[in-house]
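Engineer: My questions will all concern the structure given below.
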Amino acid sequence: MHIKEEAIERHTLAVIVDNEPGILARIAGLFTARGYNISSLTVSEISDDDLISRITIVTFASAPVMEQIIAQLERLVPVHKVVDLTTKGEHVERELALVKVVGTGDHRIEALRLAEVYRARVVDATISSFVFEVTGTTDKIDKFVELMREVGLVEVARTGIVAISRGREAA
């Protein structure tokens, strides 16, 4: 007997929900209870009246498991819509990070040079430290953080991924 193993792939989901207390906990609980991991999670109100929110979830799963996750999410009453942006087609993903670097002399100069290469903005500066704001793909943020380790990285805060489909249609 030969069992075919399904490939695990990265999926970005856009989940449109009623903005009500506990919905985020219910969605996270759905993942946790079934042993699915969430790599990134962002939430924002998207309607003028603050009644609707968009949750962007990045997870890794095989195609059959992803179908199961989406079906379970769609069964939750406050969920209006679930879109797997990964399978829907091309989409844009971005992340924001604040990166604190401490250093003097050559390390300070190198941090500023690297920030310029990565189009990171200085959002705070003291005599001995910088806080950079950098946006881009997760890979870009990872690489910037890795390089900053060499010149005095002390702290990183990341937003998680936000994503939107390309073209005319909404998620």
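The values are calculated or read from the model by the stated rules, or taken from the named source; none is laboratory data. Just so we're clear, the structure is a prediction, and the values are computed from it rather than from any experiment. Cβ sites come from the backbone with ideal geometry, for glycine too, and all protein chains shown count toward neighbours. Heads up: the accessible areas ignore ligands, DNA and RNA and are worked out on the full protein's heavy atoms, side chains in. Shrake-Rupley method; radii C 1.70, N 1.55, O 1.52, S 1.80 Å.
Engineer: For Arg113, are the conditions met, namely being over 20 Å from the mean Cα position of the chain (by Cα), at pLDDT below 95 and open to solvent by 50 Å² or more (accessible area, probe 1.4 Å)?
Structural biologist: So Arg113 fails the test.
Engineer: Residues being small (Gly, Ala, Ser) and open to solvent by less than 60 Å² (accessible area, probe 1.4 Å): count how many of those fall in the stretch 19-40.
Structural biologist: Qualifying residue count for the region: 4.
Engineer: Here are the criteria: (1) part of a strand (DSSP E or B); (2) open to solvent by 20 Å² or more (accessible area, probe 1.4 Å); (3) in contact with an Asp or Glu (Cβ under 9 Å, 6 or more places away or on another chain). Tell me which single one Ser53 does not satisfy.
Structural biologist: (2)
Engineer: Still on this model: Are any residues in the stretch 120-170 of a type in the set (Lys, Arg), under 30 Å from Lys88 (Cα atoms) and either open to solvent by less than 70 Å² (accessible area, probe 1.4 Å) or at pLDDT 95 or above (or both), and if so, which ones?
Structural biologist: The answer is Lys140, Lys143, Arg158.
Every residue, every condition in (1) more than 21 Å from the chain's Cα centre (by Cα); (2) assigned to a helix (DSSP H, G or I); (3) under 22 Å from Ala28 (Cβ atoms), yes or no:
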position: Glu67; (1), (2), (3): no, yes, yes
position: Ala71; (1), (2), (3): yes, yes, yes
position: Thr86; (1), (2), (3): no, yes, yes
position: Val92; (1), (2), (3): no, no, no
position: Glu95; (1), (2), (3): no, no, yes
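Engineer: Taking the condition of being out of contact with any Phe, Trp or Tyr (no Cβ under 7 Å at 6 or more places or on another chain) and β-branched (Val, Ile, Thr), how many residues in the stretch 92-122 meet it?
Structural biologist: 5
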